[in-house]
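Take a look at the structure below.
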Amino acid sequence: MDTLNALLGGFGSALSPMNLLWALLGVTLGTFIGVLPGLGPALTIALLLPITFQVDPAAAFIVFGGIYFGSQFGGSTTSILINTPGESASIVTALEGNRMARNGRGAPALATAAIGSFVAGTIGVVCLSLLAPVVVKLALAFAPADYFALMVLSFVTVAAVLGNSVIRGLTSLSLGLLLGLVGVDLQSGQARFTFGALDLLDGIDVIIVVVGLFAVGEMQRLATRYRSSTEEIIPVKGSMWMTAQDWARSWKAWIRGALIGFPIGAMPAGGAEIPTFLSYFVEKKLSKHPEEFGHGAIEGVAGPEAANNAAGAGVFVPLLTLGIPTSATAAVMLSAFQSYGINPGPQLLTSHADLVWTLIASLYIGNVMLLILNLPLVGLWVQILRIPTPYLYGGILLFATVGTYGISRSVFDLVMLYAIGLAGFFMRRYDFPSSPVIIGMILGPLAEQQFRRAMTMSQGDLSVFVTRPISASLLALAFIALTAPIVLSFLRSRRETAAA
């Protein structure tokens with residue numbers, strides 16, 4: 001009952017005319033960003049942070065939540081119509097969606113993606129509303145040693161899951177940890193990794209790193225692959241409404257996708273890539289028409305898109321209740337909370353309950369807005385794909401440069417921005433994931449703080465991490481997550497050698 005009353009209070013705030021306008025701005029901008037390949041919600045939120053400092057925190061996070069959900073809706077449009085995923089989680093959608101479009105069924109593909117996103121997103125937000133207070137009660141039992149172990153688990157799972165190599169993931173994570181430790185140590189007062197540069201005494205702004213990796217680095221990579229030939233945009237023909245057979249084959253996939261996506265999105269590994277692939281394989285296994293997969297099976301669009309949006313809602317559970325980001329976008333949102341002097345965690349639902357429930361209520365509202373935006377206005381989003389690519393790249397770099405300079409008006413920050421961007425280009429070139437850098441940079445100082453607290457409370461006894469059941473269990477899971485891919489790779493190579 002307390003949860004229902006809190007949610008109703010959140011709706012009372014979110015339904016105010018001004019907050020409705022903020023929600024509409026967020027979902028519209030998010031859909032626009034999702035449609036354009038190469039962009040993403042993490043970059044967009046980072047660029048908007050300096051601008052939103054002037055508005056109320058609730059309004060800012062309503063916009064950020066709308067951008068996050070909207071980008072997931074918009075990513076399916078490019079996947080289906082030009083076979084170019086706007087978001088990494090939309091890769092699976094392209095497998096069947098583009099084939100449907102080439103078979104003249106692009107309209108039903110877009111419809112099942114939009115409706116499935118709405119259904120799964122709503123289920124995910126309902127689960128978030130019910131689960132968040134429960135997780136908070138569990139988190140209140142966590143000691144500093146338990147929080148440190150949880151962060152270690154997050155580090156390991158993110159590094160092991162994202163990318164094709166555990167070594168590359170751990171390397172990216174280590175770079176993020178190093179960047180997070182730059183500056184003056186708050187306890188000892190000693191400068192760390194500043195190399196005598198006064199501009200580094202306050203540390204490296206996370207916005208510079210996000211914009212450098214996701215804007216400058218990505219634009220450089222896309223520019224090196226640019227060809228003057230334009231992508232073929234498959235026109236949308238026929239009615240946007242689905243047939244009775246399409247509904248019959250889609251609704252179960254929507255439900256299954258939501259049930260797969262939300263719990264995985266809420267896990268420390270996080271992200272939406274895993275549940276979308278898992279949903280695709282589940283639908284292929286359960287389908288009565290397995291022969292259609294690879295040739296335009298509608299279940300292959302409905303399930304992964306539902307899993308994608310449900311996972312997006314799941315990401316908010318560890319972010320709001322534990323202060324643990326499980327994706328690059330969640331890490332940037334955590335940084336946004338901190339910039340407002342708000343620390344996500346078990347106390348958030350007590351100290352800033354109005355903000356949390358207003359944000360959750362706005363996600364319900366944003367889902368409805370996104371359904372309205374994506375079904376009848378799909379022709380408008382298709383026209384955005386006709387923007388000349390050089391203008392798009394140049395505009396993004398200009399906006400990134402001006403936005404970064406506006407934070408501190410420092411030329412040093414611009415040099416840092418393009419240095420990190422160059423590093424991001426080479427990371428993409430050699431298949432190093434970028435998200436662990438952001439997560440390591442933000443969680444690294446927090447993990448150090450919890451480690452020091454645990455050492456202080458135990459008077460320097462390291463056994464506190466294995467004598468407490470919660471921390472011992474989390475560290476055991478981290479060890480399994482780290483070693484399992486290595487062991488599986490070794491066994492696979494042994495089998496291949498034996499077969500050869």
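The values are calculated or read from the model by the stated rules, or taken from the named source; none is laboratory data. Since the model is a prediction, treat every value here as computed from it, not as a measurement. When we count neighbours, we look across all protein chains shown, and the Cβ atoms used for this are built from the backbone with ideal geometry, even at glycine. Just so you know, the surface numbers come from the protein's heavy atoms only, side chains and all, with ligands and any DNA or RNA stripped out. Shrake-Rupley method; radii C 1.70, N 1.55, O 1.52, S 1.80 Å.
Between 0 and 90 degrees, rounded to the nearest ten: what's the tilt of helix 41-52 against the longest Cα principal axis of the chain? Computed tilt is about 60 degrees. What the phi angles of segment 165-179 give under the Karplus curve with 6.51, -1.76 and 1.60, with θ = phi - 60°, is a coupling list of 9, 5, 4, 5, x, 5, 5, 4, 4, 4, 4, x, 4, 5, 5 Hz, glycine and proline written as x.
What is the gain in length, in nm to one decimal, between Y430 and V402 on full extension, counting 0.36 nm per residue of separation less the C-alpha to C-alpha distance? Length gained, Y430 through V402: 7.2 nm. Each Cα pair under 8 Å and six or more residues apart adds its separation to the average, and for segment 3-499 the resulting relative contact order is 28 percent. Summarising the amide proton neighbourhood of V184: residues at separation of 5 or more, or on other chains, whose placed amide H is nearer than 5 Å comprise R192, G203. Applying 1/(1 + (r/R0)^6) with R0 = 22 Å to the Cβ-Cβ distance of I167 and F193, what FRET efficiency is obtained, to the nearest 0.05? The formula returns an efficiency of 0.45 here.
The heavy atoms of R221 present about 50 square angstrom of accessible area, all protein chains included, probe 1.4 Å. Based on protein heavy atoms only, segment 417-477 ends up with 50 Å² per residue of surface accessible to a 1.4 Å probe.
Fully extending the segment from Q338 to L488, taken as 0.36 nm per residue of separation minus the present Cα-Cα distance, adds 50.1 nm.
Among the lysines of the chain, pairs at least eight places apart or on separate chains and with Cα atoms under 28 Å apart come to 6.
Annotation: extensible slack from T224 through N5 equals 73.5 nm (criterion: 0.36 nm per residue apart, minus Cα-Cα distance).
Annotation: per residue accessible area for segment 1-49 equals 41 Å², rounded to a whole number [probe 1.4 Å, protein chains only]. The sum of -39500 (n - 2.57) across all DSSP H runs of n ≥ 4, divided by the residue count of the chain, sets its helix-only mean residue ellipticity at 222 nm to -24000 deg cm²/dmol. Once all protein chains are placed together, V134 keeps about 80 Å² accessible to a 1.4 angstrom probe. Diagonalising the gyration tensor over the Cα atoms of the chain and scaling each eigenvalue by 5 before taking the square root yields semi-axes of 35, 26, 25 Å, largest first.
Working ranking of peptides 149-158, 309-318 by packing, defined as the average number of other Cβ atoms within 10 Å per residue, highest first, is 309-318, 149-158. Principal-axis analysis of the Cα atoms of the chain puts helix 299-314 at an angle of about 30° to the longest axis. In this view, the solvent-accessible surface of R453, computed with a 1.4 Å probe and all protein chains in place, comes to about 120 Å². For the chain, which whole percent of the accessible surface, found with a 1.4 angstrom probe, sits on carbon and sulfur atoms? Answer for the chain: carbon and sulfur cover 66 percent of the accessible area.
If R0 equals 45 Å, the separation of the Cβ atoms of M457 and I387 corresponds to a calculated FRET efficiency of about 0.20.
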